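Heads up, the thing below is written out as structure tokens.
The values are calculated or read from the model by the stated rules, or taken from the named source; none is laboratory data. What you see is a predicted model; the values in this text were computed from it and never measured. Cβ sites come from the backbone with ideal geometry, for glycine too, and all protein chains shown count toward neighbours.
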């Protein structure tokens, strides 16, 4: 259920990035070329990942790519802005939201990858197959 809620939010984010691409482009640092292209690219990435999650196709790959994209935003966009203006709360909020979205994407990718493995291989990787929390 959580995967579908996450996919739904990605559809909304993708639509908003598409509708407000000129504004989103103004948020991209000046040293990154073609800001409008990146605004549309992110919109397409959100929608493509949402479709992947809804259809349960290539979830591991799309989750890793989405998590990496969010993590790059944290390092290249949000962290420098938050450090430059530490007293501006929305900068920190944006940083933490992007970091959380990255983490959720990586968790979804990891859970999907684990579910795709045959049961016999899953049991071989754990010493106690009845309790997944024990090594």
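Against the test of being touching a helix residue (DSSP H, G or I) at 6+ places or on another chain (Cβ under 7 Å) and farther than 24 Å from residue 107 by Cβ, the options 32, 88 yield a single qualifying residue, 32. Those helices (runs of 4 or more DSSP H) of segment 5-115 in which at least 2 residues are buried (at least 16 other Cβ atoms within 10 Å of the Cβ), in contact (Cβ under 8 Å) with a residue 24 or more places away in the chain and within 15 Å of the chain's Cα centre (by Cα), considering only elements entirely within it, cover 35-55, 59-73. With respect to the conditions (1) modelled with pLDDT of 95 or more; (2) under 18 Å from residue 14 (Cβ atoms); (3) in contact with a helix residue (DSSP H, G or I) (Cβ under 6 Å, 6 or more places away or on another chain), residue 41 lacks only one, and its number is (3).
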